[in-house]
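Below you'll find the structure, written out as structure tokens, and then a few comments.
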Amino acid sequence: SFYYILVLEADAYFQASLRLRTKAFEPTEALEKAMKLFWRNCYEHTSINDLVETMGINRGSMYDTFGDKHSLFLDCLFRYSEVYMSQIIWVLSQNTPVYPTLNRLFTVGSRFLRIIQAYMLLLSLRTK
């Protein structure tokens, strides 16, 4: 009947629109790639073109998923701090003598300090 065909066409249209909205990339992988690019080039020397090329996505996908460059950088900082905190917790949870534990802790901590320095630089650039 006419209504049955109409329902089938509407369902096919709906299924096609869902396929269009499905992300063709893994956001976590793209974020990791962006984070490594920021570390290599610094925030101010990383362009949007560099980011989308390195992440392997188009501009629209980047803006839809992460927002602007500043928001993407903050997402990278948050991701790194999550990884950092899990490393700190792991180091502290090991049943090892104090000296090796402190040595590992300072090694992990020095990496985190680089992130804080980058964030402070970003804040100083935003206020100029």
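Tally up the residues in the range 54-74 that are part of a helix (DSSP H, G or I) and either of a type in the set (A, V, I, L, M, F, W, C) or farther than 16 Å from Tyr43 by Cα (or both), please.
Total satisfying the criteria: 12.
Taking the condition of being touching a residue at least 12 places away in the same chain (Cβ under 8 Å) and surrounded by 15 or more Cβ atoms within 10 Å (Cβ to Cβ), how many residues in the range 45-80 meet it?
Selection size over the range 45-80: 18.
Just wondering, is there one or more residues in the range 60-67 that are on the phi < 0 side of the Ramachandran plot and at pLDDT below 90?
Checking the range 60-67: not a single residue is on the phi < 0 side of the Ramachandran plot and at pLDDT below 90.
Output the qualifying pairs, or none if there are none: Cβ atoms under 8 angstrom, residues six or more apart or on different chains, first residue in the range 86-105 and free of Cβ contacts under 8 Å to residues at least 40 places away in the same chain, second residue part of a helix (DSSP H, G or I) and among the polar types (S, T, N, Q).
As it stands, the answer is Val91/Thr101; Leu92/Thr101; Gln94/Thr101, since those pairs meet every condition given.
Sort through Ala30, Ala118 and tell me the only one that's modelled with pLDDT of 75 or more, small (Gly, Ala, Ser), open to solvent by less than 50 Å² (accessible area, probe 1.4 Å) and in contact with a helix residue (DSSP H, G or I) (Cβ under 8 Å, 6 or more places away or on another chain).
Ala30
Check His45 against each of (1) at pLDDT 90 or above; (2) within 11 Å of the chain's Cα centre (by Cα); (3) closer than 30 Å to Phe106 by Cβ and name the one condition it does not meet.
The failed condition is (2).
The values are calculated or read from the model by the stated rules, or taken from the named source; none is laboratory data. Keep in mind that what you see is a predicted model, and the values were worked out from it rather than measured. Virtual Cβ from ideal backbone geometry, glycine too; neighbours counted across all protein chains shown. The protein model used for the area step is the full one, side chains on, heavy atoms only, and it has no ligands, DNA or RNA in it. Shrake-Rupley method; radii C 1.70, N 1.55, O 1.52, S 1.80 Å.
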